[in-house]
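*Asks:* This structure is in structure tokens; I'll ask about it shortly.
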Amino acid sequence: MRETSQLPAPGSGAFVFTAQEIRELDADLARRDLLELTMEHAGARVAEVIHARFPTGPVLALAGGGANGGDTFVAARHLHALGREVYVLAQGTRHELAGRMRRRLEGLCPIELLTEERLCAGLSKTRVVLDGLLGTGFVPPLREELTQWIRRINEAGKTVVSLDLPTGLPSDTAGDGSDAERVRADLTLALVGFKPGLLFSEVGEVQVLDLGVPPALLERHAHASCITPEEVRALLPRRVRGAHKGTAGRVYVLGGRPGYTGAPSLTAYGALRAGSGLVALYSRAELPRHPVESMAHRIEDWNALTALPRPDAVALGMGLGEDSVPVARRVLSWKVPVVLDADALQSELRGAGHDAVVWTPHPGEAARLLGIGTGDITRDPFAAARALQLAYGGTVVLKGGPSVIATPGALRVCLAGNPGMATGGSGDVLSGVIAALLGAGLSAPEAAIAGVYLHAAAGDRAYARLGYGLIASDIAHEVAPAWHVLHQASSEIL
Ligand SMILES: NC(=O)C1=CN([C@@H]2O[C@H](COP(=O)(O)OP(=O)(O)OC[C@H]3O[C@@H](n4cnc5c(N)ncnc54)[C@H](OP(=O)(O)O)[C@@H]3O)[C@@H](O)[C@H]2O)[C@@H](O)CC1
Ligand SMILES: Nc1ncnc2c1ncn2[C@@H]1O[C@H](COP(=O)(O)OP(=O)(O)O)[C@@H](O)[C@H]1O
Ligand SMILES: [K+]
């Protein structure tokens, strides 16, 4: 599970790039004669951060044969200029720009060929290791010598700062969880944006460095972008002075069966705390713990739904069991906005959805919907979310730490949230939050983006108060203050 401290503050509007997208961005920068400047900027920023965070002691800089090594030569030059003792061990390079950066360093501080013996000697004398061996150009599997060096670095117990990616971590997919074949970094300084591998693997702290690349270029080449509090704040529905409960959104929650009565109640709490004017629960079971502010109806036969007035939004599937597919088909025919969750996430519903549907699978449910293994989902959540959206339509929320959203036009990721939220029922609360936002008039992509962020921000508030002992209803209750803070905050304090 991801530690709360690992990702940057959720305010970060950072982008995410795959290795191929970085190659395309670099080619674009090169055409504009900006690539060398960008590498210079990268090295300067890395040196600045290292000097600020670890102000004393020698630095051992390890430079590989590609541009990751080139950045490292630049960082070493800037650290030297800051008066730091720097020792550089480098592989040979055929990379033109990296070679130029190496020549600019030669004569200022020692550069020696990287061998295991020199690495061990260097590690014994240093305070900080700058890992610039492999970045986005890493093509697995690791060559044998790299495996040995990584082992030495990890065994030395020094502070390790990785440049762009911890060496050995694949750029585009989650690492396999084994630490043996990648550098265990204390801090990774990611250039221009996250790489998917940094979001979905256990990698320590990550800081994204702005390299002064024009935002339009970043946007053009990016794979995904992080949800910002500012955009969520702008999306949150505002009530007019004359609002009444009927205009604030009427949500139906269809779920539960004998023995499974908690889930729809948690969804109702989520919807109420996210501002629904009226929440009605329909279930074939008695729902003993539902919020008293909601209306719970036990129904014998789902055909009774036909006689009900159409709501503004529906959340469907939590604890509903095998009734889910026929009930979902009926509700989808109403063409009102719907959140499909839990038992309603079935492949029989492929083709039955519409634009105003939000599908909210966790990786197990996503695997069921796509007919592949859960490992295939968690290895590349962006690809999985996109594949689900293409297959099922609407908007897809692939839950996890972090959650990913695929809308018809974009991939988004939510940096808020924490492992304390890995507790039964927290996904049920999310369905209620999204349904409330749909009921208040947000589109499916908007409700998914704002709902996932609000739910995660509520989870962070609950974690701050309760730590890993937080339970799903705590998240539901924190949705209200999370919303309120966001609603009231001026943009300066977001
Ligand atoms: N816009 C940006 O963000 C900017 C990004 N920039 C930087 O560019 C970096 C990407 O640079 P890159 O493409 O040169 O690749 P990089 O990571 O240095 O690796 C290549 C080296 O690795 C080697 N190698 C490969 N596989 C291997 C294996 N399995 N086992 C062992 N070795 C292996 C390969 O060896 P070869 O195959 O050539 O023998 C070659 O020597 C990126 O991470 C960032 O730091 C900045 O400079 C400027 C702007
Ligand atoms: N490590 C984590 N970091 C961030 N969010 C998490 C983490 N673990 C779980 N969550 C969030 O908690 C919720 C869990 O949902 P789900 O697995 O459907 O739970 P349940 O089925 O018990 O309701 C999702 O919104 C997910 O994003
Ligand atoms: K690296």
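*Asks:* Conditions first: (1) within 15 Å of ligand 3 (Cβ to nearest atom); (2) under 26 Å from the mean Cα position of the chain (by Cα); (3) of a type in the set (S, T, Y); (4) in a loop (DSSP other than H, G, I, E, B). T173 passes all but one, so which condition is the exception?
*Replies:* The one condition T173 does not meet is (1).
*Asks:* Could I ask something else about it? Just one of the numbered conditions (1) closer than 25 Å to T395 by Cα; (2) crowded, with 24+ Cβ neighbours inside 10 Å is not true of A462; which one?
*Replies:* (1)
*Asks:* Please state which of the following conditions V325 fails to meet, knowing it meets all the rest: (1) surrounded by fewer than 16 Cβ atoms within 10 Å (Cβ to Cβ); (2) in contact with a helix residue (DSSP H, G or I) (Cβ under 9 Å, 6 or more places away or on another chain); (3) not in a loop (DSSP other than H, G, I, E, B).
*Replies:* Here V325 clears every test but (1).
*Asks:* Looking only at helices (runs of 4 or more DSSP H) that fall completely inside the range 204-295, which ones have 1 or more residues that are modelled with pLDDT of 95 or more, in the same structural domain as V327 (by TED's automatic domain parsing) and over 27 Å from R386 (Cα atoms)?
*Replies:* So the answer is 262-273.
*Asks:* Moving on to the next point. Quick check on the range 124-139: of everything there that is more than 6 Å from ligand 1 (Cβ to nearest atom) and outside any strand (DSSP E or B), which residue is modelled with the lowest pLDDT?
*Replies:* Checked the range 124-139; the qualifying residue modelled with the lowest pLDDT is R127.
*Asks:* Can you pull out the residues in the range 68-85 that are within 16 Å of ligand 1 (Cβ to nearest atom) and in contact with a helix residue (DSSP H, G or I) (Cβ under 6 Å, 6 or more places away or on another chain)?
*Replies:* G69, G70, D71, F73, V74, A75, A76, R77, H78
*Asks:* Out of all the residues in the range 220-230, is one or more over 21 Å from the mean Cα position of the chain (by Cα) and surrounded by 14 or more Cβ atoms within 10 Å (Cβ to Cβ)?
*Replies:* Checked the range 220-230: no residue is over 21 Å from the mean Cα position of the chain (by Cα) and surrounded by 14 or more Cβ atoms within 10 Å (Cβ to Cβ).
The values are calculated or read from the model by the stated rules, or taken from the named source; none is laboratory data. Just so it is clear, the structure is predicted and the values come from calculations on it, not from any experiment. Every residue, glycine as well, gets a Cβ built from its backbone with ideal geometry; the counts of neighbours run over all protein chains shown.
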